[in-house]
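So the structure is just underneath, and the comments pick up after that.
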Amino acid sequence: MKHRLTTRKAAGMLAGMLVLALALLPVHAAATASAIAGGEPREQVQNHTPQPQQDGLQQPGQPAPQAAKKQIAIVIDDFGNDMLGTQEMMDLPIPFTAAVMPFLPTTKRDAEWAHRTGREVILHLPMEPMKGKKSWLGPKAITADLSDEEIRKRVMEALDDVPHVIGINNHMGSKITANERIMRIVLGICKERGLFFLDSRTTPKTVIPKISAELGVKTAGNDLFFDDQYTRSHISKQTRLLAKLIEKNDATIAIGHVGPPGRHTSAALKEAAPQLSQTADFVFVSKLVR
């Protein structure tokens, strides 16, 4: 009898525990659902998807973003006649754009040389200045007395004479780059051939920005001549001015020459390049046309 009472008591206790467990089951299920829905602190929910990082904000442990460097394009004019400084320019440890004159003794040699050493080549097209002698321009120059047909013929021949050409800039040309009739022909050829035009800015009366915008031709403009005076002191002063222009502008174009100032200009560029490269990347002028 005592054994049967004990058994009945145990059975009753087991039944009570089962009822209690069934009563608590909905509470546990609700708590679990609440946690997954975000009712509990997220750290306590396993296998959660991390929140995406917000754009433009520096995340912990990431280095601060660096400001983009400025850009500088060096153009060296007057290749094509084995002028002083040609070797020194080709030996420079920086990229530059070689502007090669047509129809001269070393036109093809200098264009091939520049291309072989990784430079880009443009046609340095002789154009009549407001002051000066036509004889300074070389063969088949573009002058204001030419007909439309002759201008077109000369530009096309000049382009065909210089290998690897991807653009044009003016040699002298203060009279021509202010002439809408002639520049419309020259820039029209640029459009036909997919070339850009670099305005050397030998006159403030240039019509190149106006005509190029009408025709949809990519252009750029020179910001500084290194060697408009041939002395080493002036050229060094211009490299310091270039450094100031770089501080103010995102992109700067500067033109130097082979010839009488060639060795001075190449030496000044070689000396200034390490300092300039700390704040600017040397690029080809084709990267700066718009």
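Out of the residues in segment 196-233 that are assigned to a helix (DSSP H, G or I) and among the polar types (S, T, N, Q), state the one that is nearest to Lys287 (Cα to Cα). Ranking the qualifying residues of segment 196-233, first place goes to Ser212. Go through Ile166, Ile255 for me and flag whichever is assigned to a strand (DSSP E or B) and open to solvent by 50 Å² or more (accessible area, probe 1.4 Å). Within the list Ile166, Ile255, the selection yields Ile166. Within segment 231-240, the only residue that satisfies the criterion of being in contact with a His (Cβ under 7 Å, 6 or more places away or on another chain) and either open to solvent by 80 Å² or more (accessible area, probe 1.4 Å) or farther than 16 Å from Gly259 by Cα (or both) is Arg232. Cβ-Cβ distances below 6 Å connect no pair with a first residue in segment 147-159 that is under 15 Å from Glu192 (Cα atoms), a second residue that is among the aliphatic types (A, V, I, L, M) and modelled with pLDDT under 95, and a separation of six or more residues or different chains. For segment 259-282, filtered to residues that are part of a strand (DSSP E or B) and open to solvent by 20 Å² or more (accessible area, probe 1.4 Å), the residue that is farthest from Asp78 (Cα to Cα) is Asp281. Of the residues making up segment 141-163, just one is open to solvent by 20 Å² or more (accessible area, probe 1.4 Å) and touching a Leu at 6+ places or on another chain (Cβ under 8 Å), namely Arg154. Pairs are defined by a Cβ separation below 6 Å, a sequence spacing of at least 6 or placement on different chains, a first member in segment 202-223 that is among the β-branched types (Val, Ile, Thr), and a second member that is open to solvent by 80 Å² or more (accessible area, probe 1.4 Å); the pairs so defined are Ile211/Arg184; Val217/Lys191. The sole residue among Ala99, Ala111, Ala30 that is outside any loop (DSSP other than H, G, I, E, B), open to solvent by less than 70 Å² (accessible area, probe 1.4 Å), modelled with pLDDT under 50 and among the aliphatic types (A, V, I, L, M) is Ala30.
The values are calculated or read from the model by the stated rules, or taken from the named source; none is laboratory data. Given the structure is predicted, the values throughout are model-derived calculations rather than measurements. Every residue, glycine as well, gets a Cβ built from its backbone with ideal geometry; the counts of neighbours run over all protein chains shown. What goes into the accessible areas is simple: the full protein's heavy atoms, side chains included, and nothing from ligands, DNA or RNA. Shrake-Rupley method; radii C 1.70, N 1.55, O 1.52, S 1.80 Å.
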